[in-house]
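Every read-out reported here was derived from the displayed coordinates using simple, explicitly stated rules and does not represent laboratory data. As the structure is a prediction and not an experimental result, all values here were calculated from the model. Cβ placement follows ideal geometry from the backbone for every residue including glycine, while neighbour counts extend to all protein chains displayed.
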């Protein structure tokens with residue numbers, strides 16, 4: 001089975017920028033080039049799925065790269081040596097599932113000073129765990145996505161301004177959403193903590209997807225309207241082709 005990068009991203013449920021980021025970090029091999037197209041195969045698919053599984057288990061990208069290097073030197077599947085390597089890596093730091101600011105900077109290649117700007121803008125938000133500042137894997141993925149936007153030529157200051165405004169609006173809407181959940185789900189369930197947890201687990205990914213899909217729809221509609229208003233028919237036709245083929249990559253793990 002062969003995939004272009006957008007097709008591979010859709011199948012594994014990650015962003016195109018995430019695949020390119022994994023490739024730049026040596027976690028997956030480069031694709032085969034056919035003219036102007038990059039072609040990925042089933043090996044790339046399985047490697048990315050495994051990376052995702054290991055990330056969810058709390059492994060860092062550096063640890064996953066060490067494991068990949070070990071497999072490249074001795075590609076024999078999950079041998080005793082591989083299980084030993086996994087155990088050794090797990091003994092180091094796996095299980096916490098969070099990163100310090102220095103680790104986040106190291107994993108993404110983003111200077112800590114720039115991460116501080118992203119924190120101030122609300123793009124990423126540290127957690128306090130046992131009195132220490134920690135970042136989740138979702139923060140790592142947001143930084144990777146932001147790097148992808150910067151790579152297209154989007155200005156850093158403009159993106160940070162948008163992030164600040166977005167954070168302010170999202171905070172307000174999130175408070176209202178929590179009030180709805182509190183009034184209509186938590187209070188009726190009373191002391192049934194497991195029932196509340198199950199309801200939250202069921203509703204959260206749906207609410208997340210609705211918000212993301214609504215933003216995408218609005219963004220596409222406004223962009224197409226602007227192109228149409230300018231009479232840029234060629235660009236409009238190409239934009240329609242892209243949006244009809246596009247799939248929003250919204251995952252909750």
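Data table
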read-out: Rel. contact order, % - alpha carbon contacts under 8 angstrom, at least six apart, region 109-169; value: 39 percent
read-out: Peptides 42-49, 149-156, 17-24, 209-216 ordered by average Cβ neighbours within 10 Å, highest first; value: 17-24, 42-49, 209-216, 149-156
read-out: Förster radius 30 Å - calculated FRET efficiency between residue 53 and residue 7 (Cβ-Cβ, nearest 0.05); value: 0.90
read-out: Whether region 158-245 is rounded, prolate or oblate, judged on the alpha carbon gyration tensor where a/c under 1.5 counts as rounded; value: prolate
read-out: Gap separating the Cα centres of region 179-225 and region 1-67, nearest whole Å; value: 30 Å
